[in-house]
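K.L.:
Have a look at this one before I ask anything.
The values are calculated or read from the model by the stated rules, or taken from the named source; none is laboratory data. Just so we're clear, the structure is a prediction, and the values are computed from it rather than from any experiment. Neighbour counts run over all protein chains shown; Cβ positions are idealised from the backbone, glycine included. Heavy atoms of the whole protein, side chains included, go into the accessibility calculation; ligands, DNA and RNA do not. Shrake-Rupley method; radii C 1.70, N 1.55, O 1.52, S 1.80 Å.
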Amino acid sequence: METVLTTHFSNERYRRLDTYRQLGGYEALKKALGMTPGQIIDEVKKANLRGRGGAGFPAGVKWGFLPKDLSRPRVLVINADEGEPGTFKDRLIMTRGPHLLIEGIVIASFALQAHACWIYIRGEFVREAKIVDEAVAEAYAAGLLGKNILGSGFDLDVTVHRGAGAYICGEETSLINSLEGKRGWPRLKPPFPASVGAFGLPTIVNNVETIADVPWIVTHGGERFAAIGCEKNGGTRLVGVSGAVNRPGVYELPANVNLKEVIYTYAGGIKDGRKLKAVIPGGSSTPVLRPHEIDVSYDIESMAKIGTMAGSGGVIVIPEGTCMVRALSVLMNFYAHESCGQCTPCREGTGWLKRIVGRIEEGKGRRGDVELILDLCDNMMGRTICPLSEAAVMPAQSFIWKFREEFDQHILEQKCPLGNTF
């Protein structure tokens, strides 16, 4: 799949408008403006484009949830918060291909008949926000944003908005609250954002990578995009590989690439000749896998069948010698810190998980602690407004289910049998 994104990602000059246009940039927008909004949405549906933010919901179907009544303004919001540990592909798009994102925004906004778009960028992404701001300014100056885009009669204003740095604001309703200047707390649904979203208006929230795929789909057609992946998961996706591999980085691969191939072929295998111990396949909130489980297609359905998720495409590789109790303790510290505190099971549960796993890791574990963790998880799962509670539960449960012996050893020996390395 040749795109500006894949072919020229490594050179910073390709973030500029003139170079992007030399490579065919904004030609998809010209084509899209000659289509009807319905035709564009149909192509996105044919493409089997699944959301690249973690949930994996079909983008074209999501677009179709907007009310048919055009009497109220519609809003497109781009989720560029990317706070999931192990995930860094949206950051790369904003840094290296901001005009690909902007072109996708204009096409999607035209398809949705939205005349306002906000790009919500994570507070820590200072450099990325500056780059996207500059690209937006270039697009306005070239008549690619603003009034009467390319003489089409279509108007669109794009605003870059920086968050304050909170994992919870990666959840779409928390993001919307933050965008409105409110505390970043999740909202009860229904109503869903497509009916009542940002500023009380019908709103579609899409991830950066999802929107960056739209120009290619318009240029080459939804069926061709779908053919690259598999039946329900079309196209390519950006896979970020981190941890103990020889070639960590971001790889654009077919959506149904084999996970073992990702690690051993593209990422070059385990560093220093060590053996593989575990893989967190889709960002830190996804259930962990043992080595015998990774010979599997990386598409959404295949990962679900083995009890985990492709998530946000963040593959974290864990080598032999790593203490899994210590690794879980690091994750539980993160989720306890990032809980917004709105829901009692999450506010209290993440804190208890942090403390119990922490004391096991410190050699102060008690008999029954493992069972207490699992009981806590049962009482946190599916009992909160947003999935942050579940994001903490899934690694906690899976680490214990897959590596129970290490937790028991820590408690029995009152120390880490592996020397507490991580």
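K.L.:
Can you find a residue in the stretch 244-256 that is part of a helix (DSSP H, G or I) and touching a strand residue (DSSP E or B) at 6+ places or on another chain (Cβ under 9 Å)?
P.N.:
Scanning the stretch 244-256, I find no residue that is part of a helix (DSSP H, G or I) and touching a strand residue (DSSP E or B) at 6+ places or on another chain (Cβ under 9 Å), so the answer is no.
K.L.:
Taking the stretch 362-378 as the search range and keeping residues that are within 13 Å of residue 352 (Cβ to Cβ) and surrounded by 13 or more Cβ atoms within 10 Å (Cβ to Cβ), which one is farthest from the chain's Cα centre (by Cα)?
P.N.:
Result: 369.
K.L.:
Within the set of pairs 6+ apart or on separate chains, which have a first residue in the stretch 81-106 that is farther than 30 Å from residue 337 by Cβ and aliphatic (A, V, I, L, M), a second that is assigned to a loop (DSSP other than H, G, I, E, B) and open to solvent by 10 Å² or more (accessible area, probe 1.4 Å), and C-beta atoms under 8 Å apart?
P.N.:
100/3
K.L.:
While we're here: When you scan the stretch 185-197, do you find a residue that is open to solvent by 20 Å² or more (accessible area, probe 1.4 Å) and part of a helix (DSSP H, G or I), even just one?
P.N.:
no
K.L.:
Which of the numbered conditions does residue 3 fail, given that it passes all the others? Conditions: (1) under 24 Å from residue 150 (Cβ atoms); (2) open to solvent by 10 Å² or more (accessible area, probe 1.4 Å); (3) at pLDDT 95 or above.
P.N.:
(3)
K.L.:
Could you list, ordered by first residue, the pairs with Cβ atoms under 7 Å in which the first is in the stretch 17-28 and assigned by TED's automatic domain parsing to the domain that holds residue 98 and the second is not hydroxyl-bearing (Ser, Thr, Tyr) and not in a helix (DSSP H, G or I), at least 6 apart or interchain?
P.N.:
17/142; 23/8; 26/144
K.L.:
For residue 323, all conditions in the list (1) within 26 Å of residue 416 (Cβ to Cβ); (2) under 17 Å from the mean Cα position of the chain (by Cα) hold save one; what is the number of the exception?
P.N.:
(2)
K.L.:
Does residue 339 count as outside the structural domain of residue 186 (by TED's automatic domain parsing) and buried (at least 20 other Cβ atoms within 10 Å of the Cβ)?
P.N.:
Spelling it out, residue 339 is indeed outside the structural domain of residue 186 (by TED's automatic domain parsing) and buried (at least 20 other Cβ atoms within 10 Å of the Cβ).
K.L.:
Go through (1) open to solvent by 20 Å² or more (accessible area, probe 1.4 Å); (2) part of a helix (DSSP H, G or I); (3) in contact (Cβ under 8 Å) with a residue 40 or more places away in the chain one by one and return the number of the condition residue 109 breaks.
P.N.:
(1)
K.L.:
I'm checking my understanding of the structure. Among residues of the stretch 225-236 that are touching a helix residue (DSSP H, G or I) at 6+ places or on another chain (Cβ under 7 Å) and of a type outside the set (Gly, Ala, Ser), which one is nearest to residue 270 (Cα to Cα)?
P.N.:
Once the filter is applied, the top-ranked residue is 236.
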